[in-house]
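First comes the structure, then the notes that go with it.
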Amino acid sequence: MSSLTEKDRPIVQLLLKSGTCPRCILRFCCVGSQTVYRHPYKDLMKDLKEFLKNNQEKEDTVCFDVVDPPCKRIRLEHTEGPGDVNHNGAVQQIPLVNDENTATKNSPVEVCNVCLGILQEFCEEDFVKKVCQKVKSADYQFTSFVFSVSLPPQLSVRERAAWLLVKQEMGKLGLSLAKDDIVQLKEAYKWIIHPQLSEELGVPADGKSLFEVSVVFAHPETDDECHFLATACPDCFKPAKNKQSVFTRMAVIKALEKIKEEDFLKHYPCPPSSPKNLCVALEIQCNNGAVFVAGRYNKYSRNLPQTPWIIDGERKLESSVEELISEHLMKEFKADSFNFSSSGREDVDVRTLGNGRPFAIELVNPRRIHFTAEEMKGLQQTVNNSSDKIQVRDLQLVTRSAIGRMKEGEEEKTKTYSALIWTDKAIQKEDIAFLDDIKELKLDQKTPLRVLHRRPLAVRCRIIHTMKSEYIDEHHFRLHLKTQAGTYIKEFVHGDFGRTKPNIGSLLNRTADILELDVESVDVDWPPSLDN
């Protein structure tokens, strides 16, 4: 049974008189029962008024008819200096509310001087319906939700002032109140709002849900109430690129932990003044956790980059592999944006054949998240029908953690290539036959000149595991190579002005160049093969 006792009486009187709402009063009386906070606002005010009129013995209580016990403790401790303090640090005696003339008797609801209306208007049915209408109109798929709240930073300042006020009053009773004993505003708000949102949306609240409903509150009238902290604790307020103001909630909390009580009371009124206006809900937003789709792609064009080819803001080619795939996924998942990744990449003029190259796409804030295996097959077919430049296979939903398998040991993986090679001097079949006998050939490859503008200068050791030559004519042959991932094949053929040693040119003792290159296989056993 959760209740207020006689020792709470002066606290209730004090806070009511200073302009604090019933739910904040319960918080500062350390009432930890969730059910109590869900009672209608008018009923809570009525119960508090009845409690103040109760002149029975100290053991008598007014009960809020709930069964769960309070979760907060008040510790006994003798303190000195009874009385309340104003913004000059002086004692400020606040007249207590008497039985005949309560602060709220026959008066409209005033904005709470602590929560600025968060635990008043924004707990009511009208606001809950407004939030739910926003959620429903956004047309998301979800089976649960997590609710997050962003509060104005000045609420932490007002909370501190109210705590100091209550702490002084409890000192008169030989009691102490730690900051951690108070029920946090966010916690109380979620106790009240969660059941209402859950009922209206028809799904449970779940702290691990990937679907987030968030509300951002602001209170312009009191925005400057944090500013004195910047003078008292300047090192807590440092400009950040992504922040519009240095007075973030975390910076304010850090400053409040650092400032001494006497310094705080010199700059801020205790109790905090009553505001004229309620908080405003600046934003009501929805966000779904990212969905990840993986597969393998084949690229059949020699004029298609893997990602958009843009130089100095100018687009060089009209499309790319990632765009040809992602545009259809974006449409079906109704996502805001995407991030494309793959197991390596090929040049714009290189084809990717065989089983294809593993890729994964992160779809950010998707509205639709549920797809059956058949629907994924249909989506794969849509991608494949849209272009003759690429094809995808094994398209499937995967987890974020599974994507790591695509990158695991990437340098140790092997890749198979087919290169069409030209030589300046005539060759016969026997001139290239020795290449078939070379195994585990070690290369030293300086960063190629063609990528030096975007990659650091380094010498990389790479291995050609096997080679098999296929004679075509006096100046052409095809070379099949199995190499360590990350090997620059073009440079291995022509030498890159001696930056790759050895190379096909040096091995044949003649000038060699590459005319065509195909990726035949990427030996990464991911994602799992599907029956396509």
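So for the pair ASP312, SER144, with labels modelled 7 Å out along Cα→Cβ, what separation do we get in nm?
Here the modelled spin labels are 5.4 nm apart.
Mind ranking 134-142, 21-29 by how tightly packed they are, going by the mean number of other C-beta atoms within 10 angstrom, highest first?
Ranked from most to least packed, the peptides come out as 21-29, 134-142.
Hey, what angle do you get for helix 373-386 against the long axis of the chain, alpha-carbon based, 0 to 90 degrees rounded to 10?
Roughly 50 degrees, rounded to the nearest 10.
Could you calculate, for segment 290-412, the ratio of the Cα radius of gyration to the Kirkwood radius, expressed as Rg to Rh?
Computed over Cα atoms, the ratio is 0.95.
What angle do you read, to the nearest 10 degrees and between 0 and 90, between the alpha-carbon axis of helix 249-258 and the longest principal axis of the chain?
Long axis of 249-258 versus the principal axis of the chain: about 60 degrees.
May I ask you to list the residues of segment 401-435 whose amide nitrogen lies under 12 Å from a point 7 Å from Cα along the Cα→beta-carbon direction of PHE497?
Within reach of a label on PHE497: no residues.
From the list [x] 3, 16, 23, 24, 19, 11, 3, 0, 0; [y] 3, 14, 19, 22, 21, 13, 6, 1, 0, 0; [z] 3, 14, 18, 15, 12, 11, 11, 8, 5, 2, 1, 0, can you say which value of P(r) over Cα pairs in 10 Å bins from 0, in percent was derived from the structure given?
[z]
Mind checking which lysines have their C-alpha under 16 Å from LYS439, skipping anything on the same chain fewer than 8 residues away?
The qualifying lysines are LYS415, LYS468, LYS482, LYS501.
Extension gain TYR41-SER529, at 0.36 nm per residue separation less the Cα-Cα distance, in nm?
Net length gain for the segment: 169.8 nm.
Going by average Cβ density within 10 Å per residue, which order do the peptides 120-126, 43-49, 188-194 take, highest to lowest?
Going by the mean number of other Cβ atoms within 10 Å, highest first, we get 188-194, 43-49, 120-126.
Would you please report the Å³ per residue occupied by the convex hull of the alpha carbon atoms in segment 415-522?
Expressed per residue, the convex hull around the Cα atoms of segment 415-522 is 90 Å³.
Calculate, for ASN277 and HIS453, the FRET efficiency according to 1/(1 + (r/R0)^6) with r their C-beta to C-beta distance and R0 60 Å; round to the nearest 0.05.
That gives a FRET efficiency of 0.60.
In cubic angstrom, how much convex hull volume per residue do the alpha carbon atoms of segment 175-255 span?
182 Å³
If the reach is capped at under 12 angstrom between alpha carbons, list the aspartates and glutamates near LYS334, excluding any in the same chain fewer than eight residues apart.
ASP139
Can you work out the FRET efficiency for the pair PHE127 and ASN303, with r the C-beta to C-beta distance and R0 = 56 Å, to the nearest 0.05?
FRET efficiency, PHE127 to ASN303: 0.50.
Reachable aspartates and glutamates from LYS243, Cα under 18 Å, same-chain residues fewer than 8 places away excluded?
Qualifying aspartates and glutamates at Cα under 18 Å: ASP223, ASP224, ASP235, GLU283.
Segment 340-409 to segment 138-184: how many Å between their Cα centroids?
Cα centroid to Cα centroid, the span is 47 Å.
To test your reading of the geometry: what angle, between 0 and 90 degrees and rounded to tens, separates the Cα axis of helix 125-137 from the longest principal axis of the chain?
10 degrees
Using a 1.4 angstrom probe on heavy atoms only, work out the carbon and sulfur share of the accessible area of the chain in %.
Carbon and sulfur: 48 percent of the exposed surface of the chain.
Accessible area per residue, 1.4 Å probe, Å², for the chain: what's the number?
Accessible surface, normalised per residue, equals 50 Å².
The values are calculated or read from the model by the stated rules, or taken from the named source; none is laboratory data. Bear in mind the structure is a predicted one, so any value in this text is a computation, not a measurement. Cβ atoms come from the backbone with ideal geometry, glycine included; neighbour counts cover every protein chain shown. For the accessible areas, the whole protein counts, side chains as well, though only heavy atoms, and no ligand, DNA or RNA atoms are used. Shrake-Rupley method; radii C 1.70, N 1.55, O 1.52, S 1.80 Å.
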